[in-house]
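Just below is one structure, and these are the notes that go with it.
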Amino acid sequence: MTSTLVAGAATHQGGRRNNQDAVVVGDGLFGLADGVGGLSSGEVASRLALDALNADFATDRSADGLLHACQQANRAVLRRADREAVTMGTTLVAVALTTDAGVVAAHVGDSRLYRLRNGHLELLTRDHTVIAELLRAGAVSEDAADEHPHRNVLTRAIGVGPEVEVDRIELSCRPEDRLLICSDGLFKTLSTEEIEEILGSEPNPQDAAEQLVAAAVEQLSDDNVSAVVVNVE
Ligand code: MN
């Protein structure tokens, strides 16, 4: 079954002085990156990753092409970090309409992909953080996790090594599904119910993305806030 994807995106610096999040709405490719690094490095990393991803995917729109594009994004950020002798990196979530495997997502880090189906939000990615991996291993309790000193430390990121392990997720999309890609500034600020409420009431993907970001910024997110909303038609 061929899906048509229609997307909108919004990003805001939130409570920070600069915006290290970046979003892309391309031709059959939708992505979000949340950069990390000192001074302006995080901003450079997230933009560079999405630009490299978009350019490389345009040359091969298959599922393998998407994974290849993620590795190209990784190399682009790593090269820039080496050249400028700084540490920078970024998360990456990409959703692509591929030529051979339908809608496929690729994911590194702690930005997230959700699907809204029949009014219910379902998380499709697993955070690549120290605490999420300890939780999955049963090594810490949910309560202890909130206090853990390494709760926000990423176990994988784009731009920190010559190769990056990328999660590939095959999405079985149905008409009327909606996908949400968001940075941690959004999902740590808004509750699942608040996200479901906005996605359930605003059909236009651009307006929905803007409303989600505005709601998180209004609730004093101390991070950058970004959302990409994709309608499956
Ligand atoms: Mn963030």
Of the residues in the stretch 190-233, those that are closer than 15 Å to Val25 by Cα, out of contact with any Gly (no Cβ under 9 Å at 6 or more places or on another chain) and part of a helix (DSSP H, G or I) number 0
Checklist (1) away from the ligand (no atom under 16 Å from the Cβ); (2) of a type in the set (A, V, I, L, M); (3) at pLDDT 90 or above applied to Ile158, failing item: (1)
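Among the residues of the stretch 18-30, which ones are within 15 Å of the ligand (Cβ to nearest atom) and closer than 22 Å to Arg156 by Cβ? Walk me through it before giving the result.
Taking the stretch 18-30 as the starting set, the residues that turn out to be within 15 Å of the ligand (Cβ to nearest atom) are 18-23.
Gln20, Asp21, Ala22, Val23 - these are the residues of the stretch 18-30 that are within 15 Å of the ligand (Cβ to nearest atom) and closer than 22 Å to Arg156 by Cβ.
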Of everything in the stretch 169-228, what is in contact (Cβ under 8 Å) with a residue 60 or more places away in the chain, away from the ligand (no atom under 16 Å from the Cβ) and under 18 Å from Asp127 (Cα atoms)? Give them in sequence order. Ile169, Glu170, Leu171, Leu179, Thr192
Filtering the stretch 132-160 for residues that are of a type outside the set (Ser, Thr, Tyr), closer than 30 Å to Asp51 by Cβ and part of a loop (DSSP other than H, G, I, E, B) leaves a count of 6
When the residues of the stretch 52-84 are narrowed to those that are outside any loop (DSSP other than H, G, I, E, B) and among the basic types (Lys, Arg), which ends up farthest from the chain's Cα centre (by Cα)? Arg83
Selection from the stretch 54-68 of residues crowded, with 24+ Cβ neighbours inside 10 Å and farther than 19 Å from Thr125 by Cα yields Phe57
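Of all residues in the stretch 179-195 being surrounded by fewer than 20 Cβ atoms within 10 Å (Cβ to Cβ) and under 18 Å from the mean Cα position of the chain (by Cα), which is nearest to Arg75 (Cα to Cα)? Reasoning before the result, please.
The first filter runs over the stretch 179-195 and keeps only residues surrounded by fewer than 20 Cβ atoms within 10 Å (Cβ to Cβ), leaving 188, 191-194.
So of that shortlist, the ones also under 18 Å from the mean Cα position of the chain (by Cα) come out as 188, 191-192.
Numbers: Lys188: 29, Ser191: 35, Thr192: 35 Å.
Going through the qualifying residues, I end up with Lys188.
I'm trying to understand the selection: among the residues of the stretch 85-113, which are in a strand (DSSP E or B) and either surrounded by fewer than 17 Cβ atoms within 10 Å (Cβ to Cβ) or under 13 Å from the mean Cα position of the chain (by Cα) (or both)?
Once the filter is applied, which keeps residues that are in a strand (DSSP E or B) and either surrounded by fewer than 17 Cβ atoms within 10 Å (Cβ to Cβ) or under 13 Å from the mean Cα position of the chain (by Cα) (or both), the stretch 85-113 yields Thr90, Leu92, Val93, Ala94, Val95, Ala96, Ala105, Ala106, His107, Val108, Arg112, Leu113.
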Index of the failed condition, Leu135 passing every other in (1) of a type in the set (A, V, I, L, M, F, W, C); (2) at pLDDT 95 or above; (3) buried (at least 18 other Cβ atoms within 10 Å of the Cβ): (2)
The condition from (1) surrounded by 16 or more Cβ atoms within 10 Å (Cβ to Cβ); (2) among the hydroxyl-bearing types (Ser, Thr, Tyr); (3) within 21 Å of Glu165 (Cα to Cα) that Ser41 misses is numbered (3)
If Glu163 satisfies all but one of (1) surrounded by 14 or more Cβ atoms within 10 Å (Cβ to Cβ); (2) assigned to a loop (DSSP other than H, G, I, E, B), what's the number of the condition it fails? (1)
Of (1) within 18 Å of the chain's Cα centre (by Cα); (2) surrounded by 15 or more Cβ atoms within 10 Å (Cβ to Cβ), Arg168 satisfies every one except (2)
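The values are calculated or read from the model by the stated rules, or taken from the named source; none is laboratory data. If you're wondering where the values come from, they're calculated on a predicted model, not measured in any experiment. With ideal geometry, Cβ positions are generated from the backbone for all residues, glycine too; neighbour counts draw on all protein chains shown.
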